[in-house]
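**Q** Please read through the structure below; I'll follow up with questions.
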Amino acid sequence: MMNYAMALDYQNCINCKACETACKEENGVQLGADKQRIWVGITEGSIFGKSFVNLYPSQCNHCETAPCVSVCPTNASHIVAGGIVKVDPDKCILCKGCMEACPYDARFVDDTKVAVDKCTFCDHRIEEYGTTACQATCPTNVRLFGDLDDENSDLVKLLKKSRFFFLKEEAGTRPKLFYIVPESENYARQSISHDTKIYTWDEYLRVYRNVNTQGV
């Protein structure tokens, strides 16, 4: 069984929009800023009078406990092989319950399909290319797609040597977008809130996989 996820080394993001463009081209997404399967969030602030900008590449978190799936009255939102959350446009009645339930604002209405749309981890191209269009296009290697259950995957190898966190973890959705803690102490301080839980791979396994890693 596969368990697909993605790590985001967001410190490397330069907001070039290549990922967004590749996603639209690959998946036939409508043009417009309000029609996005993936996007780069921007927050601004200052520390001791010095301004900064944080970039948070994001998309559907393909949550293991997906509220969008549980609220859907027609089973249009469902989970397929690999733990990928998808929408069946033929079953979608545009009630928008899934859009309200998603804590990541990862869904939008596709006017051509008359249905809700979202990221699918490019599941149609995984077998042939092994990754998503957004990862393949990113010039600074921000995104890394892979199988959480494969110890030899590049994704797991990265997570084993990194510290990481999740956005809106308090929502209890068990998200699968892993944000890599920046190597730059300043960037980490300005982009991660004080109450954010930081994980190592072993800690993640204990919390999310209920695995005792003592002695490993």
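Only the coordinates and a few stated rules stand behind these numbers; no lab work does. Note that the coordinates shown come from a computational prediction; the quantities given were computed from them, not determined experimentally. Note: ideal-geometry Cβ built from the backbone for every residue, glycine included; neighbour counts use all protein chains shown.
**Q** Pick from 98, 60, 16 the residue whose mean-square fluctuation is largest in a GNM of the chain, springs joining Cα atoms under 10 Å.
**A** Result: 16 has the largest fluctuation of those listed.
**Q** Given the pairs 35/96; 91/176; 35/118; 17/197, which are separated by over 21 angstrom at their Cα positions? Working shown, then result.
**A** Numbers: 35/96 15 Å; 91/176 25 Å; 35/118 9 Å; 17/197 29 Å.
Beyond 21 Å: 91/176; 17/197.
**Q** Just rank 206, 37, fewest to most, by other beta-carbon atoms within 10 angstrom.
**A** Placing the least packed residue first, the sequence is 206, 37.
**Q** Under 10 Å, Cα contacts only: if you run a Gaussian network model on the chain, which one of 45, 97, 172 comes out with the highest mean-square fluctuation?
**A** 45
**Q** Across segment 165-176, in residue order, what do the Karplus-derived ³J(HN,Hα) couplings come to in whole Hz, using 6.51 cos²θ - 1.76 cosθ + 1.60 with θ = phi - 60° and x for Gly and Pro?
**A** 8, 10, 7, 6, 4, 5, 6, x, 8, 6, x, 10
**Q** In addition: So if I take the alpha carbon set of segment 27-141, get Rg, then get Rh from the Kirkwood formula, what is the Rg over Rh ratio?
**A** 1.02
**Q** Which aspartates and glutamates, if any, have their Cα less than 15 Å from the Cα of residue 161, not counting same-chain residues under 8 positions apart?
**A** Straight-line reach from residue 161, under 15 Å: 9, 151, 183, 202, 203.
**Q** Before anything else, pin down the relative contact order of the chain: Cα pairs under 8 Å, at least 6 apart, normalised by residue count, whole percent.
**A** With pairs under 8 Å counted, the relative contact order is 26 percent.
**Q** Further question on the same structure: Starting at the first residue of segment 79-89, write each ³J(HN,Hα) from the Karplus equation 6.51 cos²θ - 1.76 cosθ + 1.60 with θ = phi - 60°, in whole Hz, x for Gly and Pro.
**A** Per-residue couplings from phi come out as 10, 10, 3, x, x, 7, 8, 10, 10, 8, x Hz.
**Q** Can you work out ³J(HN,Hα) from phi for every residue in segment 98-110, in order, using Karplus 6.51 cos²θ - 1.76 cosθ + 1.60 and θ = phi - 60°, giving whole Hz and x for Gly and Pro?
**A** 5, 5, 5, 6, 6, x, 9, 6, 8, 10, 8, 8, 8
**Q** What per residue convex hull volume, in Å³, comes out for the chain when only alpha-carbon positions are used?
**A** 137 Å³
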